[in-house]
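Structure first, then comments.
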Amino acid sequence: MPDVTNDVTTLRDRARVAAAALPVRMACGIAAVCAGVAAGEVAAALVRPQAAPVVAIGSAAIDLAPTPVKEWAVRSFGTWDKTVLLTGIHTTMGMTAALLGPVAAVRRAAGVLLSAAFGGLGVWAALARPDARPWDALPSAAAALVCAAVLFLLTAPRTALRTALRTALRTARRTAPPTARTDARPGGPGPRQHAGAEDTVTAGDGPAGAAGDPAPVPPVHPGRRSALTAGAVVLLSAGLGSAGRHLADRRNDVSAARASLTLPPPARPLPPPPPRAALAIPGLTPFRTSVDEFYRVDTALTLPRIDPRDWTLRIHGMVDHPVELSFADLLAQPLEELDHTLSCVSGEVGGPYAGTTRWLGAPLPALLRRAGIRAGADQLLGRSKDGMTIGTPLECVLDGRAALLAVAMDGAPLPVAHGFPCRSVVPGLYGYTSATKWLVDLEVTTFAARDPYWVRRGWDRTGEVRTASRIDVPAAFARVPAGEVTVAGTAWATHRGIAAVEVRVDGGPWQQARLTADTGPDVWRQWHHTWTAAAPGTHRLEVRATDATGAVQEETRRPPFPSGATGWHSTVVTVH
Ligand SMILES: Nc1nc2c(c(=O)[nH]1)N[C@H]1C(S)=C(S)[C@@H](COP(=O)(O)O)O[C@H]1N2
Ligand SMILES: [Mo]
């Protein structure tokens, strides 16, 4: 007669054990994914850093993200958008990994399938990159294999492993000569049945080992040993993964090449900016943006690292004589300096994505004319090392403005994050239609034939910089004492230039602000205004600029998409 009490106890015990086993199983899944990711990192160090599974998946996510999501990410996280994305990917992976262990403990095939799916996603993402090569699939494939193997080893109960071994041994013996057969017990309670029972109960390698005991198997926790093994695997993976990263960084380091670069002096040096161009008001954005403070906007999860000795630039497409330039060829051009305010179309009214620096570079129009532009071409399509495409209206490049293939900013070679060794700069256009970083290819083409990256996502094809003005001082919601209050900020209408800036308080009459010296249409201008604040309480300050064509900055508030934000910047302060 079956022992009912015992059965119930066993069931309850099993449930209890399963619950107790959950954290360990989750840890096993996490350990497996960590091992896979580490293997992917090591493989990527040998193949290509951008092909590491997480980087590849992140890059695909950036490319696939619908424009509103991208907009929201830049708006909410600014330059931290990539950190947020990577954190999101790691969190999602961690949660999936935590599920992987318990799933694999019940159905090992499902665990292997999930590992394969994770690897498949990475392979697909790596191969979907515009600059992908077939072997970019390797890191994610390696990740999937290692993940599945570790998962199997960690979730397969030791008894099951032992059984597998025993079965293998027995098969070997059965096929061996009869004299070698010592333990043939056909029909006996083979260890297989017991292992099956233990499989669901112990699922681990605790001190169970009740093989051969026909009584109900006492339920056993998957064991401290599994947890310890999982922990060890995680630690080992962290070490291996960071070693892989380190190796990748070492193999792709261009800082020495950058440091040893000597740039020729400009053929046409600019005078230093007149001192009166810069106001010294605390809180006011400096006239010249230091390179460290210069905003960074791009889709690159890992920075392309290009050794200038390996760099070439192809100029081709609708030209009579395609050219290929080496970096030495580029530096042999008569280099020009350009003071210029670069700004991003994603900048909100009053936002920070604009910076002013002195660029040094080879004039782009001369190089294009030497290649011989064919009739009908209307777009210059820049391509970066990482496959970004940025299309500039050809007429803007050729209309006389100082379009450059820049090699330096603020007197030093471009930082890697800003496009080392070469990027384009075309005054008057937002970065997304003009300022290709890590530039390696220029194609003369038409807009009808080629949609660049952002245009494909609905952004305006020209990207002419809108007139913008910003109040930096007083800061938003500042408390200021009654009396004379300095209001100051910056204004730009790149390539048209700023003619006037006006300020008004609480919707009153517009007052002319004082502008600093004009250093050319391609550079922003600082402005300041003294407001005599009499009445205590909150007040609203507004600013608007007039560009050098006489057009007053648009009042209507519009978001950055699809052609740049419009509207007047305002700030609220409290007078006490
Ligand atoms: N290769 C590449 N170049 C790029 C981008 C990019 O994503 N990839 N972003 C563009 C955009 S949108 C802007 S605003 C500028 C920003 O340049 P910065 O990061 O040097 O300030 O680079 C442009 N060039
Ligand atoms: Mo941008």
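Descriptive notes on the structure:
- Dipole magnitude for the stretch 468-575: computed about the Cα centre from +1 point charges on Lys and Arg Cβ and -1 point charges on Asp and Glu Cβ, it is near 180 debye.
- In a fully extended conformation the segment linking residue 370 and residue 307 would gain 20.1 nm over its present Cα-Cα distance, using 0.36 nm per residue.
- The angle separating the long axis of helix 138-155 from the principal Cα axis of greatest extent in the chain is about 40 degrees.
- Summed side-chain charge close to residue 142 - residues other than residue 142 whose Cβ falls under 14 Å, Lys, Arg +1, Asp, Glu -1: -1
- Computed from the Cβ-Cβ distance with R0 of 22 Å, the FRET efficiency linking residue 152 to residue 124 stands at 0.40.
- Spin-label model, residue 11 to residue 267: label points 7 Å out along the Cα-to-beta-carbon direction sit 9.0 nm apart.
- Net +/- balance of residues flanking residue 495 in space, Cβ distance below 10 Å, scoring K and R +1, D and E -1: -2
- Isotropically averaged projected area of the stretch 222-326, using the convex hull of Cα atoms (one quarter of hull area), nm²: 15.5 nm²
- Pairs of C-alpha atoms in the chain farther apart than 36 Å represent 52 percent of all such pairs.
- Once the Cα-Cα distance is subtracted from the 0.36 nm per residue extended length, the residue 91 to residue 479 segment shows a gain of 135.6 nm.
- Antiparallel beta bridges, as assigned by DSSP with both residues in the stretch 468-575, represent about 95 percent of the total such bridges.
- Fewest-first ranking of 62, 57, 498, using other Cβ atoms within 10 Å as the exposure measure: 62, 57, 498
- Simple Cβ-charge dipole of the chain, Lys/Arg +1 and Asp/Glu -1, about Cα centre, in debye nearest 20: 2060 debye
- With contributions of -39500 (n - 2.57) from each DSSP H run of at least four residues, the per-residue ellipticity at 222 nm computed over the chain stands at -12500 deg cm²/dmol.
- Relative exposure of 226, 255, judged by other C-beta atoms within 10 Å (fewest first): 255, 226
- Most tightly packed first, judged by the mean number of other beta-carbon atoms within 10 Å of their residues, the peptides 140-149, 565-574 read 140-149, 565-574.
- The residue list 130, 94, 21 was ranked by how far each Cα lies along the charge dipole of the chain toward its positive end, using unit charges on Cβ atoms, and 21 comes out on top.
- Note on residue 145/residue 378: beta-carbon distance plugged into 1/(1 + (r/R0)^6) with R0 of 56 Å gives a FRET efficiency of 0.70.
- Fewest-first ordering of 464, 41, 71 by other beta carbons within 10 Å of each residue's beta carbon gives 71, 464, 41.
- Residue 63 sits among other residues whose Cβ lies under 13 Å from its own Cβ, and their net charge, with Lys and Arg +1 and Asp and Glu -1, is +1.
- Dipole of the chain, positive direction: furthest Cα of 30, 562, 517, with charges on the beta-carbon: 30
- With the simple model of a label 7 Å out from the Cα in the direction of the Cβ, residue 19 to residue 412 spans 6.0 nm.
- For the stretch 326-372, the spread of Cα positions along each principal axis, largest first, Å: 41, 22, 17
- The stretch 500-576: GluC sites (Glu not before Pro) falling in loop per DSSP and having at most 15 other Cβ within 10 Å: 554, 555
Here, each number is a calculation from the coordinates, and none is a lab measurement. All of these numbers come straight from a predicted model, not from anything done at the bench. Note: ideal-geometry Cβ built from the backbone for every residue, glycine included; neighbour counts use all protein chains shown.
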